[in-house]
Amino acid sequence: MNLHEYQARALLKAAGIPVPDGEVATTPDEAEAVAARLGSAVVVKAQVHAGGRGKAGGVKLAANATEARGHAQQILGMRIKGLVVERVLVVPAAKIASESYLGVIVDRASQRPVIMVSPAGGVDIEEVAAKTPEKLFRVAIDPRFGLLPHQAMALAFELYDDLGQVRQAATIMQQLYRVFLDAGGSLAEINPLITTPEGEVLALDAKIVVDDNELARRSSIAALRDVTAEDSSEVEARNAGLSYVNLDGNVGCCVNGAGLAMATMDLVKYYGGEPANFLDIGGSSSPEKVVAALRIITRDRNVKSILFNIFGGITRCDDVANGIVQATGQMKLDRPIVIRLTGTNEDLAIEILRKAGFEALTDMDEAVQQAVKLAQEAA
Amino acid sequence: MSVFIDKTTKLVVQGITGRDGSFHTEQMREYGTNVVAGVTPGKGGQRFANAVPIYDTVAEAVSDTGANTAVIYVPARFAVDAIYEAADTGVHLVVCITEGVPVLDMTRALLFLAERGTRLIGPNCPGLISPGKAKVGIIPGQICREGRIGVVSRSGTLTYEIIHQLSSHGYGQSTCIGIGGDPLIGTNFIDCLEAFEADPETEAIVMIGEIGGTDEQQAAEYVATHVSKPVVGFIAGQTAPPGRRMGHAGAIISGSSGTAKEKIAAFERAGIEVMKRPADVVALLEKRS
């Protein structure tokens, strides 16, 4: 789960990290009021779960409150990478002497939390890693002992010469690591970490990604979820216990298992089609889940054909068959459906489907080819 | 021979009375796995299916029955402690089927396991099966056949699909291992490749990867330098968009890293034949042998 910048800032602030003032606004009036209260030039920043906000015109500098109002008017309601901006963050325009990068991730290769710093801040850190890897400094943290003070100091010396700034940065690293642990993060990032002309070290922008597996035990973090910032079908899928990602194609896919779901999408592409979605109905699939899956897939008007690909293991093919029959009894299916089932209770499933007037295939390639052909004919 | 499990496997099931645990314990016993004990705190002294003794703790189960392998079906919030508990008894293999273990918990658990020399498979995995000998986990036994192909995969049902292709064309398996779909796992591709290379009953290896991370790239390098047996591969997620989690917690392209394209390229550089679709597995194996 991604947190908004304003939510991440609040967590940093609560941990004692120096963060400039600023407030969230949902209307141009509010944005104007915040800017007036701050009493300086401000930056109006779109709060959406998308990178490249600046390039998309979602971050704007305003000399005064009236200008801030105008920018908020433009930014609120705009779409960035398909997501509607519902909120803006209004912060004072900072005077910047230097920009650095500071981040903590769970590193898959070393299987540990890794803290990273770079004096080349303010840009995409991946670019720094790719183009100037000598400017990226990393330390793997032993999770049993945490970030050791000397590790933080050594990294801070890569950023600053001034001992006062080094100490400030090292403290911020400890605080950020604490936020990362407390939020159940898979990433916590300050980019840029700036110094002001007065020598102060400040967190200007923050990003936190929370491990979804942490949410069950962290209710205050889970409460930060902003469903208005997500695709409504993806929210509905999650609530129904399904894993769904909307894509641009026209073959709607319903599969059990994440790996098989990806392989099915790839096979759609292999046979000249485009998948409309990733959808994993999970292991123990009840008929209710299948009903929810069909409702979500058919809501996407780009979908021209529907493909079921079920390899029964724990998932029983007859459960899926019953779900399909139940769903099509509740709603009129106005697009062709191709069903492939094999494995546990396959014969029973085929029987259930036949009685309800559906055909069922057992070969994955044959099913995908049919679904692609039907989608192309309908398009 | 086989890899990691065989006829000498004596299994303790953690969470044996739960919905998943009891169902799959039945399936494992039907397959012939020697299930010697179960654990559910508070149900010590009872018996599962009138046969398998249940204990309150793994330690009691191991000391009474000599169990050498543990499998975990407990709910996610108890799973990491179940891993610690099993490792503390000295069993040499722990298989964690449970999905949903926080990754920060795993950073600590993996160090704990390494200190004790305990092998963990998973979490969030279907387990493993040595056809005709034993199965630990949830891979459906009826799709497997005894034979000489080693299968290792990050996926569940996609693995079944490929095993099904193999079995129905007369290619049995020495062992099939699902290593799990999480970002941090106990046993990785390289561990399995090493075991298959050393196993005289394995003649060729099928490696099934997916987007996210760099395990496949490292495995490819290992194949190029350490594996003499033919390896064929598959990578799922060529059509997956960047930055989106595709079901598995570990199946996510971060920025431009972890794409199917770079993994397929790494496989090809290492001389691994790459399937374009699961149905190609048999043809590629025949080409390599």
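Tell me whether region B:179-187 contains one or more residues that are in contact with a helix residue (DSSP H, G or I) (Cβ under 7 Å, 6 or more places away or on another chain), surrounded by fewer than 21 Cβ atoms within 10 Å (Cβ to Cβ) and either closer than 21 Å to A:Arg112 by Cα or modelled with pLDDT under 95 (or both).
no
Just to be sure, is B:Ile253 modelled with pLDDT under 95, more than 8 Å from chain A (Cβ to nearest Cβ) and on the phi < 0 side of the Ramachandran plot?
The answer is yes for B:Ile253.
Filter region B:188-212 down to the residues that are touching a helix residue (DSSP H, G or I) at 6+ places or on another chain (Cβ under 7 Å), crowded, with 24+ Cβ neighbours inside 10 Å and within 27 Å of A:Gly185 (Cβ to Cβ) and list them by number.
B:Phe189, B:Gly209, B:Glu210, B:Ile211
Within the group A:Leu215, A:Leu193, A:Leu163, A:Leu224, which residue is modelled with pLDDT of 95 or more, open to solvent by less than 10 Å² (accessible area, probe 1.4 Å) and of a type outside the set (Asp, Glu)?
None of the other options fit; the residue is A:Leu193.
Can you tell me which of A:Asp318, A:Asp347 is more than 14 Å from every other protein chain (Cβ to nearest Cβ) and either over 15 Å from B:Thr157 (Cβ atoms) or surrounded by fewer than 21 Cβ atoms within 10 Å (Cβ to Cβ) (or both)? Lay out the reasoning, then the answer.
Values: A:Asp347 fails: more than 14 Å from every other protein chain (Cβ to nearest Cβ).
Only one candidate qualifies: A:Asp318.
A:Gly70 - would you say it is part of a loop (DSSP other than H, G, I, E, B) and farther than 30 Å from A:Glu198 by Cβ?
The answer is no for A:Gly70.
Taking the residues in region B:1-20 that are of a type in the set (A, V, I, L, M, F, W, C) and farther than 19 Å from B:Thr118 by Cβ as candidates, determine which candidate is most open to solvent (accessible area, probe 1.4 Å). Explain how you work it out, then say what you get.
Looking only at region B:1-20, we keep the residues that are of a type in the set (A, V, I, L, M, F, W, C), and these are B:1, B:3-5, B:11-13, B:16.
Add one more test, that the residue is farther than 19 Å from B:Thr118 by Cβ, and what stays is B:1, B:16.
Details: B:Met1: 120, B:Ile16: 0 Å².
Taking the candidates together, the pick is B:Met1.
Among (1) outside any loop (DSSP other than H, G, I, E, B); (2) out of contact with any Phe, Trp or Tyr (no Cβ under 8 Å at 6 or more places or on another chain); (3) open to solvent by less than 40 Å² (accessible area, probe 1.4 Å), which single condition is A:Gly273 missing?
The number of the failed condition is (1).
What tally of residues in region B:145-173 results from selecting those that are assigned to a loop (DSSP other than H, G, I, E, B), under 15 Å from the mean Cα position of the chain (by Cα) and closer than 21 Å to B:Leu284 by Cβ? Walk me through it before giving the result.
Start the filter on region B:145-173 by keeping residues that are assigned to a loop (DSSP other than H, G, I, E, B), which leaves B:145, B:154-156, B:169-172.
Narrowing the set further to residues that are under 15 Å from the mean Cα position of the chain (by Cα) leaves B:154-156.
Next, only the ones that are closer than 21 Å to B:Leu284 by Cβ stay: B:154-155.
The total comes to 2.
Consider only pairs whose beta carbons are under 9 Å apart and that are at least six residues apart or on different chains; among these, list those whose first residue lies in region A:363-375 and is more than 14 Å from chain B (Cβ to nearest Cβ) and whose second residue is in a helix (DSSP H, G or I) and at pLDDT 95 or above.
A:Ala371/A:Val268; A:Ala375/A:Val268
Please go through region A:177-186 and pick out each residue that is in a strand (DSSP E or B) and open to solvent by 30 Å² or more (accessible area, probe 1.4 Å).
Matches in region A:177-186: A:Ser186 only.
Run A:Gly241 past the list (1) modelled with pLDDT of 95 or more; (2) in a loop (DSSP other than H, G, I, E, B); (3) closer than 20 Å to B:Gly250 by Cβ and report the number of the one that doesn't hold.
Checking A:Gly241 against (1) modelled with pLDDT of 95 or more; (2) in a loop (DSSP other than H, G, I, E, B); (3) closer than 20 Å to B:Gly250 by Cβ, the one that fails is (1).
Residue-by-condition table, conditions (1) touching an Asp or Glu at 6+ places or on another chain (Cβ under 7 Å); (2) small (Gly, Ala, Ser):
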{"site": "B:Ala70", "(1), (2)": "no, yes"}
{"site": "B:Val74", "(1), (2)": "no, no"}
{"site": "B:Arg77", "(1), (2)": "no, no"}
{"site": "B:His92", "(1), (2)": "no, no"}
{"site": "B:Val103", "(1), (2)": "yes, no"}
{"site": "B:Pro131", "(1), (2)": "yes, no"}
{"site": "B:Lys135", "(1), (2)": "no, no"}
{"site": "B:Glu146", "(1), (2)": "no, no"}
{"site": "B:Val152", "(1), (2)": "no, no"}
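Of the residues A:Leu307, A:Leu279, A:Leu333, which is surrounded by fewer than 21 Cβ atoms within 10 Å (Cβ to Cβ) and outside any helix (DSSP H, G or I)? If you could, list the steps in order and put the result at the bottom.
Details: A:Leu307 fails: surrounded by fewer than 21 Cβ atoms within 10 Å (Cβ to Cβ); A:Leu279 fails: surrounded by fewer than 21 Cβ atoms within 10 Å (Cβ to Cβ).
One residue alone meets the criteria, A:Leu333.
Go through region A:282-304 and report how many residues are in a helix (DSSP H, G or I) and open to solvent by 10 Å² or more (accessible area, probe 1.4 Å).
The number of residues fulfilling the criteria is 7.
Considering each residue of region A:187-233, count those that are within 17 Å of the chain's Cα centre (by Cα), part of a helix (DSSP H, G or I) and either away from chain B (no Cβ under 14 Å) or under 24 Å from A:Leu155 (Cβ atoms) (or both), and give that number.
Selection size over region A:187-233: 4.
May I ask you to list pairs of residues, at least six apart or on different chains, whose Cβ atoms are under 8 Å apart, with the first in region B:54-74 being at positive phi and the second being at pLDDT 95 or above?
B:Gly66/B:Lys10; B:Gly66/B:Val36
Does B:Pro242 qualify as being open to solvent by 30 Å² or more (accessible area, probe 1.4 Å) and closer than 20 Å to A:Leu279 by Cβ?
Details: open to solvent by 30 Å² or more (accessible area, probe 1.4 Å): yes; closer than 20 Å to A:Leu279 by Cβ: yes.
The answer is yes for B:Pro242.
Among the residues of region A:265-278, which ones are touching a helix residue (DSSP H, G or I) at 6+ places or on another chain (Cβ under 7 Å) and under 18 Å from B:Gly212 (Cα atoms)?
Hit for region A:265-278 is A:Phe278, nothing else.
Give B:Gly243, B:Gly237, B:Gly233, B:Gly247 a once-over and let me know the one that is under 18 Å from the mean Cα position of the chain (by Cα) and within 11 Å of chain A (Cβ to nearest Cβ). Can you show your working first?
Numbers: B:Gly243 fails: under 18 Å from the mean Cα position of the chain (by Cα); B:Gly237 fails: under 18 Å from the mean Cα position of the chain (by Cα); B:Gly233 fails: within 11 Å of chain A (Cβ to nearest Cβ).
Among B:Gly243, B:Gly237, B:Gly233, B:Gly247, only B:Gly247 is under 18 Å from the mean Cα position of the chain (by Cα) and within 11 Å of chain A (Cβ to nearest Cβ).
B:Thr25 fails exactly one of the following numbered conditions: (1) under 21 Å from the mean Cα position of the chain (by Cα); (2) assigned to a helix (DSSP H, G or I); (3) among the β-branched types (Val, Ile, Thr); (4) under 19 Å from B:Leu120 (Cβ atoms). What is the number of that condition?
(4)
Quick check on this structure: which one of B:Ala249, B:Ala219, B:Ala279 is under 30 Å from A:Tyr244 (Cα atoms) and assigned to a loop (DSSP other than H, G, I, E, B)?
B:Ala249
Looking at region A:253-269, can you tell me whether even one residue there is part of a loop (DSSP other than H, G, I, E, B), surrounded by 24 or more Cβ atoms within 10 Å (Cβ to Cβ), facing chain B (nearest Cβ under 9 Å) and over 15 Å from the mean Cα position of the chain (by Cα)?
Within region A:253-269, one or more residues are part of a loop (DSSP other than H, G, I, E, B), surrounded by 24 or more Cβ atoms within 10 Å (Cβ to Cβ), facing chain B (nearest Cβ under 9 Å) and over 15 Å from the mean Cα position of the chain (by Cα).
Only one residue in B:Val91, B:Val101 is part of a loop (DSSP other than H, G, I, E, B), of a type in the set (A, V, I, L, M) and under 21 Å from A:Asp211 (Cα atoms), so which one is that?
B:Val101
Scan region B:85-111 for residues that are open to solvent by 40 Å² or more (accessible area, probe 1.4 Å) and either in contact with a Lys or Arg (Cβ under 9 Å, 6 or more places away or on another chain) or within 12 Å of chain A (Cβ to nearest Cβ) (or both) and jot them down. Even if it seems obvious, please write down each step before you answer.
First, the residues of region B:85-111 that are open to solvent by 40 Å² or more (accessible area, probe 1.4 Å): B:85, B:88, B:90, B:92, B:99, B:108.
If the condition is that a residue be open to solvent by 40 Å² or more (accessible area, probe 1.4 Å) and either in contact with a Lys or Arg (Cβ under 9 Å, 6 or more places away or on another chain) or within 12 Å of chain A (Cβ to nearest Cβ) (or both), then B:Asp88, B:Gly90, B:His92, B:Glu99, B:Arg108 are the ones that fit.
Given the options A:Arg87, A:Arg79, A:Arg138, A:Arg69, name the one that is in contact with a Pro (Cβ under 6 Å, 6 or more places away or on another chain) and more than 14 Å from every other protein chain (Cβ to nearest Cβ).
Only one candidate passes the filter, namely A:Arg69.
Answer with yes or no whether B:Gly44 is of a type outside the set (Lys, Arg) and at positive phi.
For B:Gly44, the condition - of a type outside the set (Lys, Arg) and at positive phi - is not met.
How many residues are open to solvent by 60 Å² or more (accessible area, probe 1.4 Å) and either within 13 Å of chain B (Cβ to nearest Cβ) or not in a helix (DSSP H, G or I) (or both) when one looks only at region A:351-362?
So the answer is 3.
The values are calculated or read from the model by the stated rules, or taken from the named source; none is laboratory data. Please read all numbers here as calculations on a predicted model, not as lab measurements. Cβ: placed from backbone, ideal geometry, glycine included. Neighbour counts: every protein chain shown. For the accessible areas, the whole protein counts, side chains as well, though only heavy atoms, and no ligand, DNA or RNA atoms are used. Shrake-Rupley method; radii C 1.70, N 1.55, O 1.52, S 1.80 Å.
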